[in-house]
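Data block below; observations after.
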Amino acid sequence: MIFYSIVILALLTILYVVARRSSAREAHWDWGRINLENLTFPHNFDWGITSGIFPTLSVQPTNWSAWQDSLGESRDFPGGQIQPQEFSQISWEHRESLIDALKLLGVNSYRFGLAWSDIQPKQSEFDAKVIQQYVAFCQALIAVNIQPVITLHHFAAPLWFEALGGFERRENIPVFVHYAETVFEKLAPFASRWITFHEPEVTSLQGWFLGNNPPGKRDLRLATRVLANMLDAHTKTYHRLKQMADPAPKNLQVGLTKQMNIFDPARRWHPLDWIMTDVINKVYRDEVLHYLTEGVFDFQIPGYFRTRRINLKAKGALDFIGMDYFTHKQVRFVSDWRRPFRLDTPHLEPTDDADAAIYPEGLYAGIQRLAHLKKPIWITANGIVDAADEQRSQFIRRHLYTVRRALAENYPVKGYYYYSLTDSQEGSTGKFIANGLFEILGAKLNPRPSAEKYAGIIRRQ
């Protein structure tokens, strides 16, 4: 009897692997045969750029700055000597230089995150001066025909919010909604597209499961609870902003961004690699999309835990979806009960300075997946770490070709935003990485050659 059970189990395993291999093949295009010159896009295509510099360089302490300090990391600020408070002040005093950089690119949209901790330094206190700085900044953008695209939560949160338990506690959702209401009231006249959360699945899984980001915990059960709470916070914020704008301007759009990096099994013959890949894709991708379409978040490890959240108000609580895409990872099972997988870089694909695979085909796969939401799609972050600026221009052209291919097949992609305008801070260490079209030299922004290449593509439209 035991022998027959083993045989049946082996056959089922083989059938599972065969079925998965035939249904999920990695795409690899022949880039040597693809013409990347003279890419054309619809006349109303939205050309933009994204930056997260305000949240990460807050004057007030955040969960990110406290995390970096606790690790004993020396934060490598641009220019070598500039401290966060000084750089944040430079960002405001020299916003003309930032706007000049945007004008050089020729973009018509600029996506940036707000520094929540500066806007609300205490739970009972909003800083009117900081809010007015954002008002003036938005006005300056509009004056040169650049539309602000505002992100309310871009990873960093005030320390006082973390002290309340942050998004671990469902009762803290109204605290975030109140912050969103206050900001929206002042900035709504200047921005028609709002993003509630930047990659909530990355915030929750990196911070509460993998332990790479604050608060550095390793608890998948807690990570899924945090993610469900952030999705509920998005839903409440969406409906509240729509209510505040009633009668809503026709062009008001509220959404969130979803990272759509590609995960495939490292060994296509190994059933445990497939199982771990499916688990990662379920919590990282599928349950978030299921919540946004059906109002249900349901993730479980049988015999261990189940996180289930039903919120029917989430159905339709999305005017657009922002897609953030960077790379392709392979999942390998390892015998570690706390983290039974490892993420490898595919060795057959080119990589950037951060050892991230350059895989434009994954952008196409992500667009296909998000199209099931039946909402407009913006590529809200797509970038590469490349200090020598040797690969960035080709990276942009190949990903734009991918977008153009999706448009030709009637996928609803409305715009493309490179990430980032400037080199940005790597959250877990505080080091700056060379992912910007502009290099930060003290208080100045120095365009890399790829900035002109991107500008040239935009000018030709």
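What number comes out for the charge environment of R193, summing +1 per Lys or Arg and -1 per Asp or Glu over other residues with Cβ under 11 Å away?
Spelling it out: positives minus negatives among the neighbours equals 0.
For the listed residue pairs K129/K444; K313/K414; K129/K282; K103/K258; K122/K431, the alpha carbons are over 31 angstrom apart in K129/K282.
With respect to the chain, whose longest principal axis is taken over its alpha-carbon atoms, helix 271-281 is tilted by about 30°.
Relative to the longest principal axis of the Cα atoms of the chain, the long axis of helix 220-244 makes an angle of roughly 40 degrees.
Here the translational diffusion coefficient of the chain follows from Stokes-Einstein with Rh set to the Kirkwood radius across Cα pairs; for 25 °C and 0.890 mPa s it amounts to 107 µm²/s.
Stretched out fully, how many nm does the piece from I301 to A354 gain, at 0.36 nm a residue minus the Cα gap?
On the way: separation 53, 0.36 × 53 = 19.08 nm, distance 3.20 nm.
Working it through step by step, the gained length comes to 15.9 nm.
Excluding same-chain neighbours fewer than eight residues apart, the aspartates and glutamates reachable from K375 by a Cα-Cα span under 12 Å are D319.
Grab the beta carbon distance between L71 and Q132, set R0 = 45 Å, and tell me the FRET efficiency rounded to 0.05. Don't skip to the answer; put the middle values down first.
On the way: r = 35 Å, r/R0 = 0.77.
After rounding, the FRET efficiency stands at 0.85.
Would you kindly calculate the translational diffusion coefficient of the range 398-439, applying Stokes-Einstein with the Kirkwood radius from alpha carbon pairs, for 37 °C and a viscosity of 0.692 mPa s, and quote it in µm² s⁻¹ without decimals? Calculated translational D: 269 µm²/s.
Taking all Cα pairs closer than 8 Å and separated by 6 or more residues, the relative contact order of the range 45-459 comes to 19 percent. Axis of helix 2-23 versus longest Cα principal axis of the chain: the two differ by about 40°, to the nearest ten degrees.
Annotation: extensible slack from E171 through K374 equals 70.0 nm (criterion: 0.36 nm per residue apart, minus Cα-Cα distance). The slack in the chain from Q461 to K217, taken as 0.36 nm per residue of separation less the alpha-carbon distance, amounts to 83.2 nm. Site pair Q139 and H43 shows an inter-label distance of 3.3 nm when each label is modelled 7 Å from Cα along Cα→Cβ.
Read the figures in this text as sums done on the coordinates, not as results from a lab. Since the structure is predicted, the reported quantities are computational estimates derived from the model, not experimental observations. All Cβ positions, glycine included, derive from the backbone under ideal geometry; neighbour counts span all protein chains shown.
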